[in-house]
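Student: Have a look at this one before I ask anything.
Bear in mind these aren't lab numbers, they're just calculated from the coordinates by the rules spelled out. Only a predicted model underlies this, so the values are computations on that prediction, with no experimental measurement involved. Cβ sites come from the backbone with ideal geometry, for glycine too, and all protein chains shown count toward neighbours.
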Amino acid sequence: MSDCHFYEPRRGHGLPHDPFKAIIAPRPIGWVSSQSEQGVRNLAPYSFFNAFCAAPPIIGFASAGWKDSVANIEASGEFCWNLATRRLGEAMNHSSAGVAASVDEFELAGLTPAASRVIKTPRVQETPVAFECRLSQLIRLKSAAGEKLDSWLVLGEVVGVHIDTAMLKDGVYQTAAAEPIMRAGGPATYFTVTDDVRFEMQRPG
């Protein structure tokens, strides 16, 4: 590395836009549906999302602030993850609006709530993939100095999986077929996955 821009995050990055989210990118989107104790449906995308364990399957997302999704999940102990695709991108974006807890974000985004099989929380009918999850851990994040942050990590065990059979070829899930969208850097940048950028690499040994 012949020339390097170095910065300490606590002192600021000195650039027009924070590069952190652009470097850790593209990131899968945690499009999370939950339901309040009063039965109000909530749907919100989280860009800090990923898978953390295979057996049992555990996924998680981080929320900056104690938002409706986190409150609902703490109370109900469950949530659904819905795959955000290129076709559903605009609806996903609409569901990110900051609205009152009384607003049904399925209706706001023009989406259809579909009944889950294992849990009570509805999933997005229009998506080709959805995971039904039960809360396994809810963790308040801390800094290296031990300071409690207003950021919450929600981890859930996947207890039910819905896959549109059009996404399966010879029993193998085709990632690119769904055109999943992922968050990147910048205020409005996303990427998708297509077969023309795929490559194969076998692990050694």
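Student: Short version: ³J(HN,Hα) in whole Hz for each residue of segment 25-36, in order, from phi by Karplus 6.51 cos²θ - 1.76 cosθ + 1.60 (θ = phi - 60°), x for Gly and Pro, what are they?
Tutor: Karplus-based 3J(HN,Hα) across segment 25-36 equals 7, x, 10, x, 9, x, 8, 9, 9, 8, 9, 6 Hz.
Student: Could you give the dipole magnitude of segment 30-194 about its Cα centre, charging the beta-carbon of Lys and Arg +1 and that of Asp and Glu -1, in debye to the nearest 20?
Tutor: On the way: 13 positive and 16 negative charges, 57 e Å.
Rounded to the nearest 20 debye, it is 280 debye.
Student: Residues with amide H under 5 Å of Trp31's amide H, sequence separation 5 or more or different chain, H placed in the peptide plane at 1.01 Å from N; which?
Tutor: Tyr46, Asn82, Ala84
Student: When Trp152, Trp66 are ordered from fewest to most other Cβ atoms inside 10 Å of their Cβ, what list results? Don't jump to the answer; show the numbers that get you there.
Tutor: Values: Trp152 21, Trp66 13.
Ordered from fewest to most neighbouring Cβ atoms within 10 Å, Trp152, Trp66 come out as Trp66, Trp152.
Student: Lysine pairs, Cα distance under 30 Å, 8 or more residues apart or cross-chain: how many in the chain? Kindly include the intermediate steps, with their values, before the conclusion.
Tutor: Values: Lys21/Lys67; Lys21/Lys142; Lys21/Lys148; Lys67/Lys120; Lys67/Lys142; Lys67/Lys148.
Total qualifying Lys-Lys pairs in the chain comes to 6.
Student: Distance between Cα centroids, segment 157-191 to segment 129-152: provide it in whole Å.
Tutor: 23 Å
Student: Could I ask something else about it? May I ask which residue of Gly146, Gly30, Ala100 lies farthest towards the positive end of the charge dipole of the chain, with charges of +1 (Lys, Arg) and -1 (Asp, Glu) on Cβ and the Cα centre as origin?
Tutor: Farthest towards the positive pole: Gly146.
Student: Let me ask something else about it. Which three extents, in angstrom, do the Cα atoms of segment 30-194 have along their principal axes, listed largest first?
Tutor: Dimensions of segment 30-194 along the principal axes of its Cα atoms: 49, 36, 35 Å.
Student: For segment 183-193, just list the computed ³J(HN,Hα) in residue order, Karplus coefficients 6.51, -1.76 and 1.60, θ = phi - 60°, integers in Hz, with x standing in for Gly and Pro.
Tutor: 7, 10, x, x, x, 8, 9, 9, 10, 10, 10
Student: What ³J(HN,Hα) values, in whole Hz, does the Karplus curve 6.51 cos²θ - 1.76 cosθ + 1.60 give for segment 155-168 when θ = phi - 60°, with x put for Gly and Pro?
Tutor: Those phi angles translate into 10, x, 7, 6, 10, x, 10, 10, 10, 4, 4, 5, 8, 9 Hz.
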